[in-house]
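A.B. asks: Here it is: the structure, laid out below.
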Amino acid sequence: MYVVESKGGGVVLMIAALILLGTWPALFNLLERRGRKPQHTFLDYCLFNYIVAILFALTFGQIGKSTEETPNFITQLHQDNGASVGFAVAGGILLCLGNIGTQYALAYTNLSITEVVSSSLTVVGGTILNYFLDGRINRAEILFPGVVCFLIAAITGLLVHASNVDDHNTKLGRKSKGWLRNVTAKEDGDPLPPHGLTKDALDDSARGVPVDVEKAGAKSEASSARGSAQFLAEVESRRSIKVVGNGVLIGVSILCFNGACYALFSPAFNLATNDQWHRLPEGVPHLVVYTAFFYFSTSFFLFSSIVNTIFMYFPILGAPKSSIPEYLKDFKGRHWAVLAGIICGLGNGFQFMGGQAAGYAAADSVQALPLVSTIWGVVLFGEYFRSSKRTYLLLAGMLVMFAAAVGLLMGSAGTRQQ
């Protein structure tokens, strides 16, 4: 079995995981905005996520000689380690629920804010649990200021979302309830006139009065520029999950649910590999990280398949209805869903390998993935284009807090004593 023993190696794996785990939600968002049904995307994603876990187990988990303390993957499949397997299975189910929530939250909020709030709640809960489960191997004087930075980033992220909603309402000619109240207030949801134009803009155009295409979203070469009213209206018309007229509170509630699931899945995996509660029979070695990752991903795959098959026939949160035959015929965008599964599988594997080497509390630094997601949000989806100065200032503050947080959590890394 291949083991990463150095703190430096663990940090390198965390950085790689940070980039990978910040990328797969962007592919989910891309497909949903292009109209692909979320149930189809998730089924493709979870299958290839599982394939990656199997490859980790059969390669890294089988490298080198098997010993009594660190048996190889196949050797562990026959050992009496059911208690640790149970924690790994629970972690996979929790991650599945969090990922499903993330998929729907992306439609109700946006890529950047979904990752900000979910990741911050994950750190506030999960990192503290991992710190004590790991026997305090991480430096508390560095770790906990990092947790505080994550919390500040989460609060700032909610304010960014509220300000951005207000900017969108202004562009689309909707009445605004005030940028701060948009965190919990229900949007007016007034239907948009054709092409995103307000009634006043249509009247002005009919009279020959020049129309500001940035504010009115007039149909012209500039009307679909990123951040314009026409651009926003076109995105809403194409996406598979219809959210116009729904309250922002729904999105925030989903994010809180995500955060709770994400906060618990990493400690569950920690318990699976290190048996801090001494549930294994005497003489039975701890699950190696690759065996735990295999069981974790098996439960993730099975639970995801069941839940998303049910959601095909009984959709939730504005998603369209589907069926298994329709899914099997849907190849549009499938390659992106497959890539998302591979990327997430690699990211999870690297995170767990790094956590085993340097402590799972430090490995939670990968929850600064909004740094990556925000870049993808701007590059791929035009998020925050033509927003107000207030939104830009809040966004900058949020990213600074995340940068500080990831540096502090990685700086707190310790060395696990075997």
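A.B. asks: How do 334-346, 87-99, 23-35 rank on mean C-beta neighbours within 10 Å, highest first? All intermediate terms of the calculation are to be shown ahead of the outcome.
C.D. replies: Working: 334-346: 20.5, 87-99: 23.7, 23-35: 22.1.
Sorting 334-346, 87-99, 23-35 by mean packing, highest first, produces 87-99, 23-35, 334-346.
A.B. asks: Going by C-beta contacts inside 10 Å, put SER387, SER119, SER323 in order with the fewest on the left. Working shown, then result.
C.D. replies: Details: SER387 20, SER119 29, SER323 12.
Fewest to most other Cβ atoms nearby, the residues stand as SER323, SER387, SER119.
A.B. asks: Within the set of other residues whose C-beta is less than 13 Å from the C-beta of ARG36, count the net charge using Lys and Arg as +1 and Asp and Glu as -1.
C.D. replies: My count for the surroundings of ARG36 gives +4.
A.B. asks: Quick one: what are the phi-derived ³J(HN,Hα) couplings along region 389-404, Karplus 6.51/-1.76/1.60 with θ = phi - 60°, whole Hz, x for glycine and proline?
C.D. replies: The phi angles translate into 4, 4, 5, 5, 5, 5, 4, 4, x, 4, 5, 5, 5, 5, 4, 5 Hz.
A.B. asks: With no solvent and one equal point scatterer per Cα, compute the Debye intensity ratio I(q)/I(0) for region 16-115 at 0.17, 0.25 Å⁻¹ and report its log10, rounded to two decimals.
C.D. replies: -0.90, -1.39
A.B. asks: Another one. For HIS78 and TYR2, calculate 0.36 nm times their separation in residues minus their Cα-Cα distance, and state this gained length in nm to one decimal.
C.D. replies: 25.4 nm
A.B. asks: Right, here's the next one. What ranking, highest mean first, results for peptides 78-84, 279-285 when packing means the other Cβ atoms within 10 Å averaged over each residue?
C.D. replies: Put in order of decreasing packing, that is 78-84, 279-285.
A.B. asks: Which residues in region 35-49 place their backbone N less than 18 Å from a point set 7 Å from the Cα of LYS321 along the Cα-to-Cβ direction?
C.D. replies: Zone members listed by number: 37-40.
A.B. asks: How many nm separate the modelled label positions at LEU58 and GLN276, each set 7 Å beyond the Cα in the direction of the Cβ?
C.D. replies: Distance between label points: 3.4 nm.
Computed from the coordinates by the stated procedures, all read-outs in this text should not be read as laboratory data. Only a predicted model underlies this, so the values are computations on that prediction, with no experimental measurement involved. No Cβ is skipped: glycine too gets one built from the backbone with ideal geometry, and neighbour counts run over all protein chains shown.
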